[in-house]
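Notes to accompany the following structure.
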Amino acid sequence: MNTGFGRTELPDQQEAALRRAIRIQWITIAVLAVSVTLVFLVMGNSQAMKAAWIEDMLSFAPPIAFLLAMKIINRPPNRKYPYGYHRSTGIAHLVAAVALCSMGTFLVIDSGAGLLKGEHPPIGSVQILGQTIWLGWLMMAVMAATAVPPVLLGRAKEKLAEQLHDKVLYADADMNKADWMTALGSIVGVAGIGIGLWWADAAAALFIAGGILRDGYKNMRGSISDLMDTRATTYDDAEPHPLIERIEDYLGQLEWVEESGARVRDQGHVLHAEAFVVPRDGNVPSVKVLEEARDGCIDLHWMIQDIVLVPVSELPEEAGGASERQSERNL
């Protein structure tokens with residue numbers, strides 16, 4: 001019987017999904033490199049284009065953080081890191097979120113100041129094949145062209161994030177899917193300048209900056225919560241993870257168990273659980289019986305990395321004890 005902790009291998013389906021996610025992140029980096037270059041070449045003095053360019057630069061952070069985390073998570077646990085290295089995904093999530101929040105705050109202040117000062121950004125013309133073309137047309141064309149690939153990549157990443165329970169990948173997908181709003185905001189801002197609405201550019205930049213700050217705040221809140229060992233949630237933080245209930249149900253159906261509860265924390269791709277069982281008639285089970293119950297929990301799903309099973313006389317409140325259930329009913 002295996003009594004080790006820290007499962008690091010993934011099932012074949014998830015291993016294939018992980019390889020695909022890595023490929024998609026490299027494709028994302030290549031697409032971003034092209035987008036950043038094109039936007040830089042045409043952005044001129046437009047605040048909206050500058051904000052869009054900075055957002056594209058920040059978009060490098062999630063895929064790079066994801067790829068770095070993937071280099072670390074499969075290391076086996078040791079005495080120094082007894083829970084393994086899965087939390088590296090949470091650290092990567094936090095680093096990307098801090099970058100977004102910091103730059104989003106800067107851009108909100110910068111764009112807001114430009115709007116209050118009433119700055120009138122000039123957009124000149126360029127010579128292409130002997131023809132004089134208003135630079136605004138090139139700006140709008142570039143933003144329209146660069147808006148499509150991130151949305152498609154984002155949809156693909158979201159499906160993989162669900163398969164892998166990867167919150168970094170999901171956050172990246174969420175940002176990618178919203179990139180069309182950045183492109184649309186930039187196009188509206190540049191078009192506004194073209195028809196004489198000087199404030200449209202700064203307003204569009206403020207809109208883009210607000211989106212960056214919103215993404216950063218949302219991801220920072222989620223990453224900090226996971227690192228503080230809140231109750232495990234689904235990959236999109238929409239609800240408590242259903243495996244918590246499955247663990248409790250499995251243990252509660254064992255003949256020798258009177259009552260069961262669990263507290264489960266997110267370790268990245270996998271979960272770590274501490275399950276508590278109240279033995280029937282106070283008869284403490286043997287070590288063999290406890291190990292069989294523990295292994296049965298691990299076999300429920302690949303995400304259950306390891307589980308600590310503790311016989312108790314009464315369930316702790318944090319693991320679904322009577323007081324906790326009463327509190328949840330009162331909410």
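Only the coordinates and a few stated rules stand behind these numbers; no lab work does. Since we're looking at a predicted model, the values are computed, not measured. Cβ sites come from the backbone with ideal geometry, for glycine too, and all protein chains shown count toward neighbours.
Numbers for the structure displayed
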| item | result |
| --- | --- |
| Nearest 10 degrees, 0 to 90: helix 88-117 Cα axis against the chain principal axis | 30 degrees |
| Degrees between helix 287-298 axis and first principal axis of the chain (Cα, 0 to 90, nearest 10) | 30 degrees |
| Ranking of His269, His120 by count of other Cβ atoms within 10 Å, fewest first | His120, His269 |
| Relative packing of peptides 258-268, 69-79 - highest average C-beta neighbours within 10 Å first | 258-268, 69-79 |
| Order of Leu107, Leu100 - criterion: other Cβ atoms within 10 Å of each residue's Cβ, fewest first | Leu107, Leu100 |
| Tilt relative to the chain, helix 242-252 - C-alpha long axis, 0 to 90 degrees, to 10 | 0 degrees |
| Lysines with Cα under 27 Å of Lys157, excluding same-chain neighbours fewer than 8 positions away | Lys50, Lys71, Lys167, Lys177, Lys218 |
| Residue exposure sequence - Glu248, Glu158 - by fewest surrounding Cβ within 10 Å | Glu158, Glu248 |
| Share antiparallel - DSSP beta bridges, the stretch 242-330, percent rounded to 5 | 55 percent |
| The stretch 94-163 versus the stretch 34-61: alpha-carbon centroid distance in Å | 5 Å |
| At R0 = 25 Å, FRET efficiency that the Cβ-Cβ distance of Leu227 and Trp26 yields, to 0.05 | 0.40 |
| Relative contact order computed over the stretch 242-330 (Cα-Cα under 8 Å; 6+ residues apart), in percent | 29 percent |
| Percent of beta bridges antiparallel (DSSP, the chain, rounded to nearest 5) | 70 percent |
| Relative contact order for the stretch 12-227, counting Cα pairs under 8 Å that sit 6 or more residues apart, in percent | 31 percent |
| Distance between modelled label sites at Ala113 and Glu317, nm, 7 Å Cα→Cβ extension | 4.9 nm |
| Length gained when the stretch Leu41-Trp137 is fully extended (0.36 nm per residue, less Cα-Cα span) | 33.2 nm |
